[in-house]
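Only the coordinates and a few stated rules stand behind these numbers; no lab work does. Small disclaimer: the values here were computed from a predicted structure and weren't measured. As a convention, Cβ positions derive from the backbone with ideal geometry for all residues, glycine included, and neighbour counts pool all protein chains shown.
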Amino acid sequence: MMDRNVPFGKPMIDEMERRAVLEVLSGDVLVHGPKTKEFEKKFAEYTKAPFALSLNSCTAGLHLAYLGFNIGPGDEVIVPAQTHVATVHAVELAGAKPVFVDADPKTGNIDVSQIESKITSKTKAISVVHFLGLPADMPAIMKIANKHKLKVVEDCALAIGSSIDGKHMGLFGDIGLFSFYPVKHITTIEGGMAIMKDEKLATVINYKKAFGVDRVVGERKVPGQYDVLMLGLNYRMNEVEAAVGVCQMTKLDGILAKREENFRALRKALSDVDELEHLDYGNDRVKSSYYCQSVILKDSIAKRREDIMAAMTQKGIGTSIYYPSPVPHFTYYKDKYGFTEDTFLNAKRISKQSIAFSVGPHLNSEDMEYVAFHLKEILTKFK
Ligand SMILES: *Cc1c(COP(=O)(O)O)cnc(C)c1O
């Protein structure tokens, strides 16, 4: 097979974004302007969210969520062990204690059957991540949350386009946070979005993302005059980023369709490989955003993961790992809470035995064939 170059991630930026950025830079309004409003409106329309607020990252939004709920010292938040560390850092930054739940080995999402046993009188919220874009079982999670009167935070960083029965992720819980970091589904370079249904929460998040001041530039009767209603941060998105976001929204449907097509092609090509196990990827009702294809190496060959990844790199194929460790096993969390390595074994197995392949829109079906061909060949060699 002819050699190809199959990078893991590639932002879909072209002349449209470049022109939009130059237009903003040629004007006088770089923050608090019409582009952030336009991006928020488009995002709200796409997700059918009553409220959408732009932010400078998903992490900022996760942090604001706990501040907005007044969750802090003395409180506990249930979190998935298998996620990006930002999901959990946000709880720590708010001063609350994360209480980890292991992954469901079939999906990588939080094991819903273990949630209730972790709830105490201090529990204030459940945080979930939609692992690699596959929706967590929100109907079941909301049942538990409602029974115990808990807030629900959805880390939707990889879940744009993900839905259950047509309802977009982020709208099941109290708040959903999205990321526009360069290798996510769409990018604003750095950036994030919060969606929610409750107007009161939207008002608080809107204040807290901008110092807690009562009116932004443009709303001030006397220039420079404002009051501060509450504690806040500077977590705003700027006009340049928002202009990129507006362009990216026009490409979103195409990007998602291409990801699904690539995902299905690669899954099919790898379905008969003995050395591999596959995670669930949803169905007609539970729709994934197909962030990447993470394959689990069977125990017999798992020790060779790094060799397999290196051999794939040799063939021009980019790989990654989601995530390199269960969050409670990262040094910071291990040192603080004393977790040992023999905990969260389902999350650990995914962390230590999986390899992720891109299904990004910069790739096509021939790239998927190329990846499958070389993975099979390399696996045979390391058997
Ligand atoms: C990328 C990512 C984040 C962090 O997003 P930022 O916008 O970089 O802050 C959080 N959670 C998950 C699941 C992610 O994939």
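If you build a Gaussian network model of the chain, linking Cα atoms that sit under 10 Å apart, which residue out of 102, 111, 214 swings the most?
In the Gaussian network model the winner is 214.
Mind pulling up the Rg/Rh value for the range 36-167? Radius of gyration and Kirkwood radius, both on Cα.
Values: Rg = 14.5 Å, Rh = 15.2 Å.
When Rh is taken as the Kirkwood radius, the ratio is 0.95.
What are the principal axis extents of the Cα atoms in the range 202-281, in Å, biggest first?
69, 26, 17
So how strong a dipole does the chain carry about its Cα centre when Lys and Arg Cβ are +1 and Asp and Glu Cβ are -1, to the nearest 20 debye?
Working: 49 positive and 48 negative charges, 93 e Å.
Once rounded to the nearest 20, the dipole reads 440 debye.
Using the alpha-carbon atoms, what tilt in degrees (0 to 90, nearest 10) does helix 138-148 show relative to the longest principal axis of the chain?
50 degrees
Of 148, 138, 170, which is farthest along the charge dipole of the range 75-215 in the positive direction, counting Lys and Arg as +1 and Asp and Glu as -1 at C-beta?
Farthest towards the positive end: 148.
I'd like the distance between the alpha-carbon centres of the range 106-124 and the range 327-354, rounded to an integer number of Å.
16 Å
If you take the Cα Rg of the chain and divide it by 2.2 N^0.38 Å, with N the number of residues, what do you get? Display every interim value, and only then the final one.
Working: Rg = 21.3 Å, N = 383, 2.2 N^0.38 = 21.1 Å.
Relative to the 2.2 N^0.38 Å estimate, the chain comes out at 1.01.
Once both axes come from the Cα atoms, what is the angle between helix 15-26 and the longest principal axis of the chain, in degrees from 0 to 90, rounded to 10?
30 degrees
Could you list, in their original order, any pairs among 41/197; 97/336; 197/258; 124/167 whose Cα atoms are separated by more than 21 Å?
Working: 41/197 14 Å; 97/336 11 Å; 197/258 30 Å; 124/167 25 Å.
Violating the 21 Å limit, Cα to Cα: 197/258; 124/167.
Dipole size in debye (nearest 20) for the range 114-254 around its Cα centre, Lys and Arg Cβ +1, Asp and Glu Cβ -1?
On the way: 18 positive and 15 negative charges, 97 e Å.
My answer is approximately 460 debye.
Starting from 0.36 nm per residue, how many nanometres of slack lie between residue 376 and residue 336 once their C-alpha separation is accounted for?
Working: separation 40, 0.36 × 40 = 14.40 nm, distance 4.16 nm.
Extra length available between residue 376 and residue 336 comes to 10.2 nm.
Using only DSSP helix segments of four residues or longer, with each worth -39500 (n - 2.57), what per-residue ellipticity at 222 nm results for the chain after dividing by its residue count and rounding to 500? Working shown, then result.
Numbers: 12 runs with 147 residues, N = 383.
Value at 222 nm, helices only: -12000 deg cm²/dmol.
Could you work out the pair-distance distribution P(r) of the range 271-383 from its alpha-carbon pairs, with 10 angstrom bin width and percents rounded to whole numbers?
12, 40, 32, 14, 2
Listed here are the pairs 42/106; 48/118; 151/208; 48/287; 315/383; which of them are more than 27 Å apart at the Cα?
Values: 42/106 34 Å; 48/118 33 Å; 151/208 18 Å; 48/287 16 Å; 315/383 19 Å.
Table pairs above 27 Å Cα-Cα are 42/106; 48/118.
Averaged over every viewing direction, what's the projected area of the C-alpha convex hull for the range 1-101? Give it in nm², one decimal, please.
11.3 nm²
Could you check the simple spin-label distance between residue 32 and residue 383, using points 7 Å along Cα→Cβ, in nm with one decimal?
6.7 nm
Have a look at 321, 245, 350 and report the one farthest towards the positive end of the charge dipole of the chain, computed about the Cα centre with Cβ charges (Lys/Arg +1, Asp/Glu -1).
350
On a 0 to 90° scale, report how tilted helix 365-382 is relative to the longest principal axis of the chain, with both axes built from alpha carbons and the result rounded to the nearest 10.
50 degrees
For the chain, with a Gaussian network of springs between Cα atoms less than 10 Å apart, report the residue from 110, 144, 186 with the top mean-square fluctuation.
Looking only at 110, 144, 186, the biggest GNM fluctuation is shown by 144.
Working out 0.36 nm times the residue gap between residue 345 and residue 229, then minus their Cα-Cα distance, what length gain in nm do you get to one decimal? Don't jump to the answer; show the numbers that get you there.
Working: separation 116, 0.36 × 116 = 41.76 nm, distance 4.54 nm.
Once the chain is fully extended between residue 345 and residue 229, it gains 37.2 nm.
If you place +1 on the Cβ of every Lys and Arg and -1 on the Cβ of every Asp and Glu, how big does the dipole about the Cα centre of the range 208-323 come out, in debye to the nearest 20?
Details: 19 positive and 17 negative charges, 66 e Å.
The calculated dipole for the range 208-323 is roughly 320 debye.
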